[in-house]
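Everything below concerns the one structure shown next.
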Amino acid sequence: TAVISSMSKHTDVSIVAMADLLPDQLQKGKVILDRLNAEKGFPAIQKANIYQGSRAYLQLLENKDIDAVLISSPAYTHPEFMEAAVQAGKHVYCEKPVAPDVEGCKRVERIGEAIKGKLSVVVGFQIRHASPYVEMVKRIHRGDIGDVLNAQLYYFSSEIKLKPYKDIPYDEARIRNHFHFRDLSGGILLDQGIHMIDVCNWALQGHAVSAIATGSSNHGAEFGDAWNNHQAIYEYPQGTHVSFHCSQIGKQFGDVCARFIGTKGIAEAHY
């Protein structure tokens, strides 16, 4: 509920409906969303506009009072949910990653190409609007640090606690703990590290042409298969090399940084 909370606080948004696979998630979420509405003078979400189950998202999209939707479900659902939302004529803000696999990403690309400017569809790379990063990239593009020789990216996060997974169906346990499964979430590299890769693409005005990477699950959770640390070396056009490190270990959130080393200086920005 973090993104919808920010949207409510900073824009004139009335939250009129919600959908989820799990009833307890709806109960917890409604308390938060009703409070956000109350703070703006809007009514609570009507019971008829609360949808639960595997087809809940489709029921929500049939609601004519909805102009735009926020997709903050597990990553593996994003392509299907986004396609349905666009077909229903709704504007969309979809959390990143758009998918945990290549085919899902290509599907979202096709959705974007088919819109032809008729709808607003946004992916959660909101860091491109963060003042320190905007200023840093502006200076890099202006040539203040000369030619960029290499970049160093970090995303050191705290661990994600396991939610209860015993004595419930296995599929439900996986969905409730989707961040711990690589095929459902993509793991930390796609869930968090992707922000710094996006900043790097933005600053270098291109995309990596090759990558060498490794990782592991040191001190991993007893349920799931996602790695909790990655190390990658990317090569960008013009021979610029980028090192990326991310981890999701321990109770303390660490540093998030993009650092660019040029022939005339260094530029960096942190969270």
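The values are calculated or read from the model by the stated rules, or taken from the named source; none is laboratory data. Everything quoted here is computed from the prediction, not taken from an experiment. Glycine also receives a Cβ, built like all others from the backbone with ideal geometry; neighbour counts cover every protein chain displayed. Remember, those area values only see protein heavy atoms, side chains included, never the ligands or the DNA or RNA. Shrake-Rupley method; radii C 1.70, N 1.55, O 1.52, S 1.80 Å.
Is it the case that the range 163-181 has a residue that's touching a Ser or Thr at 6+ places or on another chain (Cβ under 9 Å), open to solvent by 70 Å² or more (accessible area, probe 1.4 Å) and closer than 24 Å to residue 245 by Cα? So far as the range 163-181 goes, yes, one or more of its residues are touching a Ser or Thr at 6+ places or on another chain (Cβ under 9 Å), open to solvent by 70 Å² or more (accessible area, probe 1.4 Å) and closer than 24 Å to residue 245 by Cα.
Looking at the structure I just gave you, is residue 8 in a helix (DSSP H, G or I) and in contact with a helix residue (DSSP H, G or I) (Cβ under 8 Å, 6 or more places away or on another chain)? Against the criterion (in a helix (DSSP H, G or I) and in contact with a helix residue (DSSP H, G or I) (Cβ under 8 Å, 6 or more places away or on another chain)), residue 8 qualifies. Cβ separations smaller than 7 Å between residues 6+ apart or across chains give no pair from the range 33-53 residues that are farther than 20 Å from residue 5 by Cβ and touching a residue at least 60 places away in the same chain (Cβ under 8 Å) to residues that are open to solvent by 90 Å² or more (accessible area, probe 1.4 Å) and of a type in the set (Ser, Thr, Tyr).
Yes or no, residue by residue, for (1) closer than 26 Å to residue 176 by Cβ; (2) of a type in the set (Ser, Thr, Tyr); (3) crowded, with 16+ Cβ neighbours inside 10 Å:
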residue	(1), (2), (3)
11	no, yes, no
24	yes, no, no
58	yes, no, yes
62	no, no, no
70	yes, no, yes
93	yes, yes, yes
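Here the range 183-224 is the region considered, the condition is being assigned to a helix (DSSP H, G or I) and charged (D, E, K, R), and the residue that is surrounded by the most Cβ atoms within 10 Å (Cβ to Cβ) is 191.
Residues of the range 225-253 that are open to solvent by 40 Å² or more (accessible area, probe 1.4 Å) and either modelled with pLDDT of 95 or more or not hydrophobic (A, V, I, L, M, F, W, C) (or both): 225, 231, 233, 235, 237, 238, 241, 245, 251, 252.
If the condition is being part of a loop (DSSP other than H, G, I, E, B) and over 21 Å from the mean Cα position of the chain (by Cα), then the range 51-75 contributes 53, 54, 55, 62, 63, 64, 65, 66, 67. Here residue 13 meets the list (1) hydrophobic (A, V, I, L, M, F, W, C); (2) modelled with pLDDT of 95 or more; (3) out of contact with any Lys or Arg (no Cβ under 7 Å at 6 or more places or on another chain) almost entirely, failing just condition (2). Comparison of 98, 86, 148, 137 shows that the only residue that is within 15 Å of the chain's Cα centre (by Cα) and either surrounded by 12 or more Cβ atoms within 10 Å (Cβ to Cβ) or at pLDDT 95 or above (or both) is 98. Looking across the range 106-132 at every residue that is of a type in the set (Lys, Arg) and more than 21 Å from residue 73 (Cβ to Cβ), the one that is surrounded by the fewest Cβ atoms within 10 Å (Cβ to Cβ) is identified as 116.
Conditions tested, residue by residue: (1) in contact with a strand residue (DSSP E or B) (Cβ under 9 Å, 6 or more places away or on another chain); (2) closer than 24 Å to residue 171 by Cβ.
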position	(1), (2)
2	no, no
5	no, no
16	no, no
27	no, yes
30	yes, no
34	no, no
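Taking first residues from the range 192-211 that are free of Cβ contacts under 8 Å to residues at least 12 places away in the same chain and partners that are exposed (fewer than 13 other Cβ atoms within 10 Å of the Cβ), the Cβ contacts under 7 Å between residues at least 6 apart in sequence or on separate chains come to 201/207.
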